[in-house]
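The values are calculated or read from the model by the stated rules, or taken from the named source; none is laboratory data. On a predicted model such as this, the values are computed, not experimentally measured, just so you know. In this analysis, Cβ positions are derived from the backbone assuming ideal geometry, glycine residues included, and neighbour counts consider all displayed protein chains. The area values use the complete protein model at the heavy-atom level, side chains included, leaving out ligands, DNA and RNA. Shrake-Rupley method; radii C 1.70, N 1.55, O 1.52, S 1.80 Å.
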Amino acid sequence: MNNPLFVRPRTLEEALLVLASDPLGFVPLVGGTDLLVRMQDGLRPKGLLDLTAIAELVGITVADGMVRIGAATTHAEIASSREVQTLLPALAEAAALVGSPAIRNRGTIGGNLANASPAADTVPPLLALSALVELAGPRGRRTVPVEAFAVGPGKTVRRPDELIVAVAVPVPGPMASSVFCRLGTRQALSIAKVSVALAAQRDGPCLRQVRVALGAVGPTVLRATGAEACLEGKEPSLEVLDEAAIKVQADARPISDIRSTEAWRRRMCGVLLRRAVLRLVGQGQAAP
Ligand SMILES: Cc1cc2nc3c(=O)[nH]c(=O)nc-3n(C[C@H](O)[C@H](O)[C@H](O)COP(=O)(O)OP(=O)(O)OC[C@H]3O[C@@H](n4cnc5c(N)ncnc54)[C@H](O)[C@@H]3O)c2cc1C
């Protein structure tokens, strides 16, 4: 078996030209934490397009009301970013939970999105925070809401000749906060069995602009619109939390697999949503 061609462009333009020359033959490579596992399992791409030398794809900036995170930014960089910790705490929490230190130092947010696993940790926070995926290709740039990016396990709307350039998240308002809760077999080196991300604005005792995203309980990360409607505009009393926990179980579309059962996953959505709301409320009260 021939080794794949290996190309390491220094600019995005160069990378897009290489990709355009053979969109189905070249596979983008960044941290390799998903791709190399698939290659070990038999995937044999004709060419590897290493994006790690492209400076434009790395880094976190806050400008014009958006937090922009380059696609090749690692989970470790995201987890330790002051801006992300302050403005997008759910994303910082999720990035800090990915794999292990070695995986977080290699794995990137663009790779996590492109891989389109329903259990990907950074995707529920991105969805709850209304993030946009920026794509570049031969026809120019376009943005896609994270919610519409994955269309099934391992499948996205990215065209073969496009690259993910960045993720852009609107800067939340001053009374906004977000949290991420995850259950796996253990804390480290464990894929999520169920995860919940919650973003909301505090308005006195009430929650507004509530967005809830669920991981590992559907073919893609899902919005929990029933639970959102239940929490919207209300004070999260015990009765409201009970009702939201029932709604979120109806929003989930879990299956039974080697990691857990459909019934357990559904029930845990309720447990994690309760936990997320209580954490968010506590966090909001602690804010200046
Ligand atoms: C031991 C281990 C533990 C893990 N634990 C977790 C975990 O707890 N939570 C979790 O969410 N994930 C986990 N992962 C999965 C993995 O680390 C993440 O999905 C990671 O973010 C992938 O990023 P990468 O840069 O390594 O991607 P790569 O492996 O380089 O690429 C992954 C896929 O994305 C494509 N791609 C990458 N970047 C781009 C781009 N800019 N544009 C277009 N396509 C692109 C590649 O072509 C490939 O198909 C784990 C993996 C391992 C091996």
* Taking the condition in a helix (DSSP H, G or I), among the β-branched types (Val, Ile, Thr) and out of contact with any Cys (no Cβ under 7 Å at 6 or more places or on another chain), does Val37 pass? -> yes
* Asked: Taking the condition near the ligand (Cβ under 8 Å from one of its atoms), closer than 26 Å to Pro89 by Cβ and open to solvent by 10 Å² or more (accessible area, probe 1.4 Å), does Arg106 pass?
  -> yes
* Flag for Thr122 being open to solvent by less than 50 Å² (accessible area, probe 1.4 Å), within 8 Å of the ligand (Cβ to nearest atom), out of contact with any helix residue (DSSP H, G or I) (no Cβ under 6 Å at 6 or more places or on another chain) and at pLDDT 95 or above -> no
* Asked: Could you say whether any residue in the range 191-200 is farther than 22 Å from Asp251 by Cα, under 14 Å from the mean Cα position of the chain (by Cα), more than 15 Å from the ligand (Cβ to nearest atom) and modelled with pLDDT of 95 or more?
  -> no
* Positions within the range 181-199 being in a strand (DSSP E or B) and among the charged types (D, E, K, R), in sequence order -> Arg182
* Asked: Picking from Leu97, Leu127, which residue would you name as being among the hydrophobic types (A, V, I, L, M, F, W, C), within 7 Å of the ligand (Cβ to nearest atom) and touching a Lys or Arg at 6+ places or on another chain (Cβ under 7 Å)?
  -> Leu97
* Going through the range 26-76 one residue at a time, which ones are polar (S, T, N, Q) and either closer than 14 Å to Gly110 by Cβ or crowded, with 16+ Cβ neighbours inside 10 Å (or both)? -> Thr33, Thr52, Thr73, Thr74
* **Members of the range 147-172 found to be open to solvent by 10 Å² or more (accessible area, probe 1.4 Å) and either modelled with pLDDT under 95 or farther than 22 Å from Leu48 by Cβ (or both), listed by number** => Glu147, Ala148, Ala150, Val151, Pro153, Val157, Pro170, Val171, Pro172
* Could you list all residues from the range 24-77 that are within 10 Å of the ligand (Cβ to nearest atom) and of a type in the set (Lys, Arg)? => Arg38
* Check on Leu135, under 15 Å from Ser195 (Cβ atoms), modelled with pLDDT of 95 or more and either buried (at least 19 other Cβ atoms within 10 Å of the Cβ) or touching a Phe, Trp or Tyr at 6+ places or on another chain (Cβ under 6 Å) (or both) -> no
